[in-house]
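In what follows, a structure is listed as structure tokens, so that the remarks can point back to it.
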Amino acid sequence: MENLNSLKIAVLIWDFVTTGGAERYACEVTKRLAEHHEVHVFCQSWDPEISHKITFHKIPRLIKKPSWVNQLLFSFFTNRAVDDSFDVIHTHDRVSRFNVLTIHCPCYKGFITLEMSKVKKIIIWLSVLISPRSLAYLWIEKKQFTYTADRRLIAVSKTVRDDVINNYHLPQSFFYLAYPGVDYTYIETIITKTDKKQLRSNLNINNENVVVIFVGTEFKRKGLDTLLDAIAKCSKLPLSLLVAGGGEIDTYQNKAQALGIADKVTFLGLVKDIFPFYSIADIFVLPTLSDPCPMSPVEAMASGVATIMSTTPYCGTAEHISQGEAVLLQNPRDKEELAAAIRLLVDQETRKAISEKGRKLAYRLSWEQTTENTLNAYSLIKKRALNTP
């Protein structure tokens, strides 16, 4: 990559915070860009703890709901706020004006076109035509996924890239890949200083128990139903399940109660820093049904936690993980398969072998590499702006 000096970069995202996959991805990359470039973040809110070397511009949030109206207003206000002095306009959200777009999830159109039945397709499209929300998302998505020479798209996984290509017929050369990374130094620092014995005590976890951890903010999509069913299948094993993330906690507490495993499950709610909990975890499980490229499996692996996760196409992260580096679920809806995977990793020697292989893989990934791939996209945009070959 050609060295890019003194770029002035505008980064667009609703909320510049460390909770949420897309948000934390944006924070990690933007922090590293700000070490060598002039970075301005245009957002509706931000975490003051990560504002070092970054200039923030407040974008008004006139209404919070419905979210699609806020999305259109965010696009409108950022279009007015970002002037022509920027070398690169990089967005992580749906806006109409940008040079570089990082795509964090499958496109909205794909949820409509996925249905194969002609009758159902007609019904879906008729419902779209009378839905302001659907029309708004399709309009702004069409704006984003229109090929122009001064734009490039960054996908967080091949799964996401191929979804957009299939729905909007863009050339593969229009895309860059930039998988999420891992901050090894931070992970090691947090895990080293965590009082593991005290944390286990605070959570009422016996020292003999094998700790299983699940991390996700949408319980149903992330596969918590299957995980609870699998834990129930392993009820005679000394397991403790930690569930981190926001969602319908009451519903899943009731399910755990109905399955007779309420005493094995602790709901942590939204957790700002998950790594202290990884320090006491033995097994990480993410039987997700649909996830473009979650960061949590790789972070768990980098933390030394033996990992069970869905394979592709359910989970984009699995694109660069082999069976043995983690336990890959062929059918994340199959509670018997998941229960068998948990039983496999209850064995300490097997768990250790998976953990060591997973950690070696995770340590090949870094946020520095993600940032380098992002700068590759910037380099092409900058060359075109200067009319150089």
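Select from the range 204-232 the residues that are part of a loop (DSSP other than H, G, I, E, B) and within 24 Å of the chain's Cα centre (by Cα) and list them in ascending order.
Within the range 204-232, the first condition is being part of a loop (DSSP other than H, G, I, E, B), and the residues that meet it are 204-209, 216-218, 223.
Within the range 204-232, GLY216, THR217, GLU218, GLY223 meet the criteria.
Scan the range 168-182 for residues that are touching a Phe, Trp or Tyr at 6+ places or on another chain (Cβ under 8 Å) and not hydroxyl-bearing (Ser, Thr, Tyr) and report the count. Give the steps one after another, and end with the answer.
Here is the first cut: in the range 168-182, the residues touching a Phe, Trp or Tyr at 6+ places or on another chain (Cβ under 8 Å) are 168, 170-171, 174, 180-182.
Remaining after also requiring not hydroxyl-bearing (Ser, Thr, Tyr): 170-171, 174, 180-182.
The total comes to 6.
Residues checked against (1) at pLDDT below 95; (2) assigned by TED's automatic domain parsing to the domain that holds ARG94:
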| site | (1), (2) |
| --- | --- |
| LYS158 | yes, yes |
| ASP162 | yes, yes |
| ASN166 | yes, yes |
| LEU170 | yes, yes |
| PHE174 | yes, yes |
| GLU188 | yes, no |
| GLN198 | no, no |
Requested in this report: Determine, yes or no, whether ARG32 is charged (D, E, K, R), touching a helix residue (DSSP H, G or I) at 6+ places or on another chain (Cβ under 9 Å) and not in a strand (DSSP E or B).
Outcome: yes
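When the residues of the range 91-113 are narrowed to those that are in a loop (DSSP other than H, G, I, E, B) and among the basic types (Lys, Arg), which ends up surrounded by the fewest Cβ atoms within 10 Å (Cβ to Cβ)? If you could, list the steps in order and put the result at the bottom.
Taking the range 91-113 and keeping what is in a loop (DSSP other than H, G, I, E, B), we get 92-99, 104-107.
Now restrict to residues that are among the basic types (Lys, Arg): 94, 97.
Details: ARG94: 21, ARG97: 16.
Looking at the filtered set, the residue picked out is ARG97.
Quick one: in the range 314-330, which of the residues that are hydroxyl-bearing (Ser, Thr, Tyr) and surrounded by 15 or more Cβ atoms within 10 Å (Cβ to Cβ) is nearest to the chain's Cα centre (by Cα)?
Taking the range 314-330 and keeping what is hydroxyl-bearing (Ser, Thr, Tyr), we get 314, 317, 322.
Filter once more, so that each one left must be surrounded by 15 or more Cβ atoms within 10 Å (Cβ to Cβ): 314, 317.
On the way: TYR314: 13, THR317: 9 Å.
It comes out as THR317.
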Report summary line: Filter the range 112-152 for residues that are β-branched (Val, Ile, Thr), at pLDDT 80 or above and over 24 Å from the mean Cα position of the chain (by Cα); the one that is farthest from VAL95 (Cα to Cα) is ILE130
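Yes/no per residue for (1) in contact with a Cys (Cβ under 9 Å, 6 or more places away or on another chain); (2) in a loop (DSSP other than H, G, I, E, B); (3) crowded, with 23+ Cβ neighbours inside 10 Å:
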position: CYS293; (1), (2), (3): yes, yes, yes
position: ALA300; (1), (2), (3): no, no, yes
position: ILE308; (1), (2), (3): no, no, yes
position: PRO332; (1), (2), (3): yes, yes, yes
position: GLU337; (1), (2), (3): no, no, no
position: ARG351; (1), (2), (3): no, no, no
position: GLU356; (1), (2), (3): no, no, no
Report task. With the checklist (1) outside any loop (DSSP other than H, G, I, E, B); (2) under 23 Å from the mean Cα position of the chain (by Cα); (3) under 30 Å from ALA339 (Cα atoms) in hand, flag the one item SER201 doesn't pass. Result -> (2)
Requested in this report: Scan HIS40, HIS52 and give me the residue that is buried (at least 18 other Cβ atoms within 10 Å of the Cβ) and in the same structural domain as CYS105 (by TED's automatic domain parsing).
Outcome: HIS40
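Only one of THR371, THR350 is under 23 Å from THR159 (Cβ atoms) and either polar (S, T, N, Q) or touching a Lys or Arg at 6+ places or on another chain (Cβ under 6 Å) (or both). Can you tell me which?
Numbers: THR350 fails: under 23 Å from THR159 (Cβ atoms).
Exactly one of THR371, THR350 is under 23 Å from THR159 (Cβ atoms) and either polar (S, T, N, Q) or touching a Lys or Arg at 6+ places or on another chain (Cβ under 6 Å) (or both), namely THR371.
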Report summary line: Within the range 267-291, the count of residues that are crowded, with 20+ Cβ neighbours inside 10 Å and within 13 Å of GLY223 (Cβ to Cβ) comes to 6
Query - Close pairs from the range 56-81: first outside the structural domain of CYS27 (by TED's automatic domain parsing), partner of a type in the set (A, V, I, L, M, F, W, C), Cβ under 8 Å, at least 6 apart - result: none
Query raised in the report: Within the range 168-194, how many residues are in contact with a Ser or Thr (Cβ under 7 Å, 6 or more places away or on another chain), in a loop (DSSP other than H, G, I, E, B) and over 20 Å from LEU375 (Cβ atoms)?
Result: 1
Report task. Determine whether THR317 is modelled with pLDDT under 95, in the same structural domain as ILE191 (by TED's automatic domain parsing) and closer than 19 Å to THR217 by Cα. Result -> yes
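The values are calculated or read from the model by the stated rules, or taken from the named source; none is laboratory data. Since this is a predicted model, take the numbers as computed values, not measurements. FYI the Cβ positions are ideal-geometry reconstructions off the backbone, even for glycines, and counts take in every protein chain you see.
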